[in-house]
Number of protein chains: 2
Amino acid sequence: MQSIKVKSPATLSNLCCGFDILGMALEIPFDIIELKWREEPGISITHLDDFNLPTDPEKNIAGVALQAMIDQLDYKHGFDIIIEKKIKPGSGIGSSAASAAGIVVAANHLFENRFTKNELVSFAMEGEVLASGSRHADNLAPCIYGGLVLIRDTATLDIIELKTPPLYITIVHPQIEIKTSYARKILPKEIPLKSAVVQWANVAGLVTGFLHSDYKLIGRSLQDIIVEPVRSKLIPGFDLVKKNCLDAGVLGGGISGSGPSLFMLSENEAVAKAAESEMKAVYSNLGIDFKTYVSTVSTNGVEVF
Amino acid sequence: MQSIKVKSPATLSNLCCGFDILGMALEIPFDIIELKWREEPGISITHLDDFNLPTDPEKNIAGVALQAMIDQLDYKHGFDIIIEKKIKPGSGIGSSAASAAGIVVAANHLFENRFTKNELVSFAMEGEVLASGSRHADNLAPCIYGGLVLIRDTATLDIIELKTPPLYITIVHPQIEIKTSYARKILPKEIPLKSAVVQWANVAGLVTGFLHSDYKLIGRSLQDIIVEPVRSKLIPGFDLVKKNCLDAGVLGGGISGSGPSLFMLSENEAVAKAAESEMKAVYSNLGIDFKTYVSTVSTNGVEVF
């Protein structure tokens, strides 16, 4: 095989109480990444979008992730990468993870699946470090594994696949800028033990809700009393979106990743679309540009296109 | 029915990372509680053990729990309670919960199962408040529901039954005194957010391990980086017991409840018994009296004897 084209999906990380440990792959939106073998060494990158991302492979997330893989091989040739990003950078739905995960899965196909999924996550993490400065796998792991994923331990990449019942995910991306580094900086360094216990009770409830296909339990557990109260202040319309979507019947929701995108989970498509209407109404009224998606869970993650 | 006899089992609460939210019922040890209807109003209590527990029904855990139930009924008669406690008070394996849970389950049989399990937990909680001064259900709920139980929320008694694969539990009770109130007082009020994330990642891993019957994941997740480092200092021999039991092949373990009992979980009985030998050796060497048990999970909790 000399070339391959993959779609690499957006991902939802944190899922309220599951801060830094849970992530879920979405069917839409997704980037399209094409990787072509070439005789000459080196990596060249072409973008078919207008996000002005760097094309220098040492400064490009996909370039860095691919290079991390190549460094493990005795490989003397090169690659051309053509990226059509549809997941807007800085949206909080795993745009950088899609680039990093997509390229390593694509390259692994060309290298005849030489690497395990865990190894792919570790290569892709080099791209994520370039993007955010910190080692996180809560977008990468679901992007590569598909479905809902628990990262029990990032250092050892202890990644556990969890099943979910059918779910609809409504996303709104209000077009404001929140830097991941700033969203991380404003978090409290210390939290009350009592709050931590509430949070891990909800984490246990959320995981059980998914594994038992218990929608009501998922809804009761989709709470975040630690991160959301701080970060939601950076997102105009947050409280109203949440209230109106809950009134419309969603199970629950909150901030996607470090924001500004918000997500709501629903048991059926009609409720998910009603939530989308509520989101549109809030941001139209606020005069803030936005984009919405109604998606299901991507069980495969990155896929050959 | 005019009288009933139940066995009310010991329970393991916390399970390392699951501080304040997880509890598990054990087959042994258990208390034996007999409840007899009588014509005259009031509650009288007889103890067939030598723990010197109060027999004044307003100061006795079983008496208070039973009264909480009777207060909900238009009931003009009385009860005689005969308790043979085998779970030593202050051992950290749910001695007070066994009294409170046993009596309300027994009485519910006499009242033709008028109350739900959740209502029984709430009556029994009145007894626990007498014992520890705080409202906790992490011993009561497994004692009444049986098996492994998640208390997602104590205020609303959101109790979720979790399944476990076959497990053997080795317990050692070194006969030293640790007051629950003191064990609670020495806990940090605030903890680093980073530590909390590690803890809830392990909680998610532990719950998933149980629900997936994944013993290795249970083992990797049986960690407590918040409470154990503080409380284990109160328990001589803790580090050595843990190290030797892990070397003997247990999945993991730690402090049972607020101590001083220690527990270890094993996949098979041979390992559980090897762990028991290690525990015996440590406390024999330290010259501290002790008692050990090797139990399985009680799937029923309180049972008619």
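Filtered by the rule that a residue be under 22 Å from the mean Cα position of the chain (by Cα) and of a type in the set (Lys, Arg), region A:47-86 gives A:59, A:85, A:86.
Would you confirm, using the coordinates I've provided, whether residue B:58 is among the charged types (D, E, K, R) and surrounded by 15 or more Cβ atoms within 10 Å (Cβ to Cβ)?
Details: among the charged types (D, E, K, R): yes; surrounded by 15 or more Cβ atoms within 10 Å (Cβ to Cβ): no.
The answer is no for residue B:58.
Here residue A:177 meets the list (1) surrounded by fewer than 17 Cβ atoms within 10 Å (Cβ to Cβ); (2) assigned to a loop (DSSP other than H, G, I, E, B); (3) in the same structural domain as residue A:57 (by TED's automatic domain parsing); (4) not aromatic (Phe, Trp, Tyr) almost entirely, failing just condition (3).
Annotation for region A:104-111: at least one member residue is under 30 Å from residue A:16 (Cβ atoms) and either assigned by TED's automatic domain parsing to the domain that holds residue A:145 or aromatic (Phe, Trp, Tyr) (or both). In region A:212-227, the condition of being among the aromatic types (Phe, Trp, Tyr), under 29 Å from residue B:154 (Cα atoms) and within 13 Å of another protein chain (Cβ to nearest Cβ) is met by no residue. Count of region A:221-248 residues, restricted to those that are of a type in the set (Lys, Arg) and crowded, with 20+ Cβ neighbours inside 10 Å, is 2. Among residues of region B:1-27 that are within 14 Å of another protein chain (Cβ to nearest Cβ) and among the charged types (D, E, K, R), none has a Cβ under 6 angstrom from a residue that is in a strand (DSSP E or B) and crowded, with 23+ Cβ neighbours inside 10 Å at a sequence gap of 6+ or on a separate chain.
Pairs meeting the criteria (first residue in region A:155-182 and farther than 16 Å from residue A:219 by Cα and within 14 Å of chain B (Cβ to nearest Cβ), second residue of a type in the set (Lys, Arg) and crowded, with 16+ Cβ neighbours inside 10 Å, beta carbons under 7 Å, at least 6 apart or on different chains) are A:158/A:152; A:158/B:220; A:160/A:152. Testing residue A:138 on (1) under 16 Å from the mean Cα position of the chain (by Cα); (2) more than 11 Å from every other protein chain (Cβ to nearest Cβ); (3) in a loop (DSSP other than H, G, I, E, B), one condition comes back false. Which one is that? So the condition that residue A:138 fails would be (2). State yes or no: is residue B:98 surrounded by 15 or more Cβ atoms within 10 Å (Cβ to Cβ), in contact with a Pro (Cβ under 7 Å, 6 or more places away or on another chain) and not in a strand (DSSP E or B)? It is true that residue B:98 is surrounded by 15 or more Cβ atoms within 10 Å (Cβ to Cβ), in contact with a Pro (Cβ under 7 Å, 6 or more places away or on another chain) and not in a strand (DSSP E or B). Test residue B:288 against the stated conditions and say whether it is touching a residue at least 40 places away in the same chain (Cβ under 8 Å), surrounded by fewer than 19 Cβ atoms within 10 Å (Cβ to Cβ) and of a type in the set (Val, Ile, Thr). Yes: the conditions hold for residue B:288.
The criterion of at least 1 residues that are more than 18 Å from the chain's Cα centre (by Cα) and closer than 21 Å to residue A:286 by Cα is met by the following helices (runs of 4 or more DSSP H) wholly inside region A:202-275: A:228-231, A:238-247. The one condition from (1) among the aromatic types (Phe, Trp, Tyr); (2) closer than 30 Å to residue A:16 by Cβ; (3) crowded, with 18+ Cβ neighbours inside 10 Å that residue A:51 does not meet is (3).
Residues that are in a loop (DSSP other than H, G, I, E, B) and more than 8 Å from chain A (Cβ to nearest Cβ) are absent from region B:121-132.
Once region A:183-201 is narrowed to residues that are of a type in the set (Val, Ile, Thr) and not in a loop (DSSP other than H, G, I, E, B), the residue that is farthest from the other protein chains (Cβ to nearest Cβ) is A:198.
All of (1) on the phi < 0 side of the Ramachandran plot; (2) crowded, with 24+ Cβ neighbours inside 10 Å hold for residue B:115 with one exception: (2). If the condition is being within 14 Å of chain A (Cβ to nearest Cβ) and of a type in the set (A, V, I, L, M), then region B:141-154 contributes B:141, B:148, B:149, B:150, B:151.
Taking (1) in the same structural domain as residue B:291 (by TED's automatic domain parsing); (2) in contact (Cβ under 8 Å) with a residue 40 or more places away in the chain; (3) out of contact with any strand residue (DSSP E or B) (no Cβ under 6 Å at 6 or more places or on another chain) in turn, residue B:144 satisfies each apart from (1). For region A:152-174, how many residues are assigned to a strand (DSSP E or B) and either closer than 30 Å to residue A:280 by Cβ or modelled with pLDDT under 95 (or both)? Looking only at that region, the number is 7.
Candidates are the residues of region B:127-151 that are surrounded by fewer than 23 Cβ atoms within 10 Å (Cβ to Cβ) and at pLDDT 95 or above; the one that is farthest from residue B:297 (Cα to Cα) is B:146. May I ask you to verify whether residue B:183 is under 20 Å from the mean Cα position of the chain (by Cα) and of a type in the set (Gly, Ala, Ser)? Taking the combined requirement at face value, the residue satisfies it.
The values are calculated or read from the model by the stated rules, or taken from the named source; none is laboratory data. These figures come from a predicted structure and were not determined experimentally. Don't worry about glycine lacking a Cβ; one is built from the backbone with ideal geometry, like all the others, and counts go over all protein chains shown.
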